[in-house]
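The structure appears below as structure tokens.
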Amino acid sequence: MLEGIAHRGYHDKDNTENGLNAFKRAKDHGFALELDVHLTKDDRLIVCHDSELKRTTGKEGIIEELTVDEIKKNYRLLDGEEVPTFQEVLTLINEEVPIVVELKVYHKNYKPLSKRLKIELMNVKDKKNFMIISFDPRALLPFNHSGFIRSLLVAKSDDYTYIFRHFFESVDLEHVLLEEKRIQKYHKKHLVNVWTIEKEEVLDKVLPYVDTVTFQHLDCDVVRKKLLQSK
């Protein structure tokens, strides 16, 4: 059982989300981490939540329209660190904690994006250390029978995608969806994670209906303790 998943790493005001500092903090605390990957212009994977770099670097630019070298040369995260490649994160973590990889589809590039992730995961030692997630079910289909756990992200605003849940091993839900009986029934036989838990009272509310949670802005020890107590 995952004892909580640190959303975009264990980030705070001094450690920018989806940066190596935030990922190291998650690793040091023994937590799985969630990250987002985008396909660059030169067919490599950069880790960042948004395609637009402005929010986390202070400088405008679209990842999919830039090469890795251009990003490395011209951008820095707000904490001063480089915008990391996926390979840099893999090297840092060294499979010591699980990694949840979200495929961020841009202008329907799900095929080349998925293909690149498959290539970059070729040398992992234990596929159980990785979970692959996406809001776009088409991005997950190429990983069928790959040995990796796939989880379909479902938001309340687009919950029609829930109909595709049976194509994958689990679902990763916006926490408000747990109020629905159909979701609670699904959880009885399937793995369920929820995102993104930011308050302890919300954590307490969702625990009966989930296997783990993706969290941020919470004390990691509190998350771990409550998850263990709920099982």
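The values are calculated or read from the model by the stated rules, or taken from the named source; none is laboratory data. Computed from a prediction, not measured in an experiment: that's the story for all the values here. Positions of Cβ are generated from backbone atoms using ideal geometry, with glycine treated the same way; all protein chains shown enter the neighbour counts.
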Could you tell me which of the residues Lys125, Lys185, Lys115, Lys225 is of a type in the set (Lys, Arg), outside any strand (DSSP E or B), over 17 Å from the mean Cα position of the chain (by Cα) and within 19 Å of His7 (Cα to Cα)? Lys225
Which condition from (1) surrounded by 12 or more Cβ atoms within 10 Å (Cβ to Cβ); (2) not in a loop (DSSP other than H, G, I, E, B) is the one that Asp158 breaks? (1)
In this structure, is Lys108 in contact with an Asp or Glu (Cβ under 9 Å, 6 or more places away or on another chain), more than 14 Å from Val47 (Cα to Cα) and surrounded by fewer than 21 Cβ atoms within 10 Å (Cβ to Cβ)? yes
Name the pairs whose Cβ atoms lie under 6 Å apart, with the first residue in region 183-202 and at pLDDT 95 or above and surrounded by fewer than 13 Cβ atoms within 10 Å (Cβ to Cβ), the second not basic (Lys, Arg) and not in a loop (DSSP other than H, G, I, E, B), and 6 or more positions between them or separate chains? none
Take the conditions surrounded by fewer than 18 Cβ atoms within 10 Å (Cβ to Cβ), at pLDDT 95 or above and β-branched (Val, Ile, Thr) and apply them to Val124. Does it pass? yes
Go through region 49-93 and tell me which helices (runs of 4 or more DSSP H), entirely inside it, have 2 or more residues that are in contact with a strand residue (DSSP E or B) (Cβ under 8 Å, 6 or more places away or on another chain). 68-74, 86-93
Kindly establish whether Lys111 is within 16 Å of Leu191 (Cβ to Cβ) and touching a residue at least 12 places away in the same chain (Cβ under 8 Å). no
